Amino acid sequence: MPADSDTNYKFIIHCDLDAFFASVEQRDNPALKGKPVIVGGDIRSRGVVSTCSYEARSYGVKSAMPIARAHRLCPHGIFLPVNMKLYREVSRQVFAILAEYTPVMEKMSIDEAFLDIGACSAPDSPEHIGREIKKRVRAELGLSISVGISYNKFLAKLASELDKPDGFRIIYPEETLALLRPLPVSRLWGVGDKTNRILNDLGLQTIGDIQDLPPGWLEEKLGHAGRLLWELARGIDHRTIEPDRERKSLGREITFPVDITDIAYLHKLIENFAAELCRQLRREKMEAATVTIKLRYSDFKTITRSQTVTPCNSDLTVTQIAVHLLDKSYSGKRALRLLGLSLGNLMPTAGIEQGSLFESQADNSNKNIDILMDQIRERFGKDAIGRASLLIKKDIDK
Ligand code: TTP
Ligand code: MG
């Protein structure tokens with residue numbers, strides 16, 4: 001770690017459970033221990049692999065691969081459905097343990113979080129904390145978690161990945177450059193297939209190739225992203241831990257210029273709000289488990305109605321639930337001066353590509369439409385596209 005005199009240093013711990021869904025299945029059914037367990041659905045299903053045990057990985061099976069392909073690679077594998085309710089509960093238990101070590105924790109997904117240990121008033125040695133987390137997760141929850149420790153987020157995550165499974169690794173500043181040097185550029189944070197190809201086309205295969213570039217070269221080619229990649233290649237990462245991901249709800253409401261009773265119009269407004277809120281959730285890779293509507297009558301009496309749901313971020317699902325809540329509680333007789341929709345009980349989405357695993361085909365095509373619309377809006381602006389039913393008078397919405 002940097003010298004104690006460096007007031008800027010941080011101790012960041014990155015924790016990520018090993019083969020999470022599959023490990024929970026193996027824990028709860030000892031007959032599955034040591035076997036190639038593949039979670040994602042029946043071999044006849046058209047879904048994809050959610051995750052698989054390390055035993056199955058040795059056959060080349062991996063997340064997001066079609067189940068049929070996984071079956072060809074590992075015909076004697078044990079194929080199990082996704083039990084999301086159980087994994088969410090275990091995830092909550094794991095995060096409860098992690099939260100005991102620092103108030104500054106950022107959950108990245110269902111099985112992964114950063115802890116800022118430097119933020120504790122009397123921090124124990126990071127190594128001691130890291131080892132204790134591993135021990136407790138094993139003893140109390142029967143699961144194996146990989147822990148990486150370093151002085152920034154990128155290196156802490158890399159540390160936990162490099163030593164998986166059951167990993168424990170610290171990356172010290174003096175070893176950073178040499179450790180990064182031989183690794184492929186795809187190891188840099190944010191480098192997916194597309195950026196990987198661009199970098200390869202520029203003749204950059206390893207992180208060392210980027211380290212050797214003169215400062216500014218990659219920035220000239222790729223703009224700000226080039227600058228960030230060059231910094232990451234040298235182990236520089238200024239991002240801080242953002243515990244505000246813990247935000248518990250997200251809402252939108254409107255006070256009407258004149259009181260209204262038009263139920264069809266209220267439905268349209270709900271659809272609009274749902275689209276906007278869900279888009280934000282998807283951008284933050286979050287889902288909501290509670291949908292709440294708020295109604296204020298012309299005499300200022302205010303009511304709220306909520307429903308707990310399977311965590312989701314789909315425009316259509318949220319709209320249907322909110323419209324149902326409205327229809328149950330509002331007959332159109334009394335004039336309304338305010339309508340609100342909020343999504344609560346926010347939590348990180350389970351995984352990037354798990355969609356097709358545990359949802360119906362209709363859910364999936366809705367999700368795909370949502371994602372496609374997000375991409376178009378990202379490129380052409382917020383009003384570039386919407387579901388046909390959402391096209392309503394914009395003036396009142398403003
Ligand atoms: P990961 O942490 O990426 O994977 P993992 O925990 O299964 O394995 P590793 O030891 O490499 O960390 O994801 C956590 C869970 O999220 C995983 O168990 C299942 C789910 N998931 C999906 O449903 N689909 C996906 O494409 C990925 C990557 C994960
Ligand atoms: Mg994991």
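Just going by the charge dipole of region 61-130, with Lys and Arg at +1 and Asp and Glu at -1 on Cβ, which of 90, 63, 75 is farthest out on the positive end? Ranked along the dipole, the leading option is 75. Length gained on full extension, residue 93 to residue 221, computed as 0.36 nm times the residue gap minus the Cα-Cα distance: 41.5 nm. Every Cα-Cα pair in region 227-325 was counted, and those over 19 Å apart are 53% of them.
Each label point was placed 7 Å from the Cα along the Cα-to-Cβ direction; for residue 255 and residue 308 their separation is 3.4 nm.
Computed from point charges on the beta carbon alone (+1 for Lys and Arg, -1 for Asp and Glu), the dipole magnitude for region 112-231 about its Cα centre is near 320 Debye.
Normalised radius of gyration (Cα atoms, divided by 2.2 N^0.38 Å) for region 87-243: 1.14.
Of the listed pairs 164/194; 10/33; 85/135; 107/164; 85/301; 157/221, which have alpha-carbon separations greater than 30 Å here? From the list (164/194; 10/33; 85/135; 107/164; 85/301; 157/221), the Cα-Cα distance tops 30 Å for 10/33; 85/301. Using the Cβ-Cβ distance between residue 242 and residue 298 with R0 set to 45 Å, the FRET efficiency from 1/(1 + (r/R0)^6) comes to roughly 0.65. Distance between the 7 Å Cα→Cβ label points at residue 189 and residue 31: 4.4 nm. Once the C-beta distance of residue 139 and residue 163 is scaled by a Förster radius of 22 Å, the resulting FRET efficiency is 0.65 to the nearest 0.05.
Using the Karplus relation 6.51 cos²θ - 1.76 cosθ + 1.60 with θ = phi - 60°, the per-residue 3J(HN,Hα) values for region 43-60 come to 5, 8, 6, 9, x, 10, 5, 7, 7, 8, 5, 5, 4, 6, 5, 5, 8, x Hz, with x marking Gly and Pro.
Among the GluC sites (Glu not before Pro) found in region 1-107, those both in a DSSP coil and sparsely packed, with 16 or fewer other Cβ atoms within 10 Å of their Cβ, are 100. The label point for residue 335 and the one for residue 265, both projected 7 Å from the Cα toward the Cβ, are 1.1 nm apart. A cut-off of 5 Å between modelled amide H atoms, ignoring neighbours fewer than 5 places along the same chain, links residue 146 with 16, 17, 18, 166, 167.
Every number in this text was worked out from the coordinates using simple rules, so none of it is lab data. Keep in mind the model is a prediction, meaning the values are calculated, not measured. Every residue, glycine among them, receives a Cβ derived from its backbone with ideal geometry; neighbour counts consider all protein chains shown.
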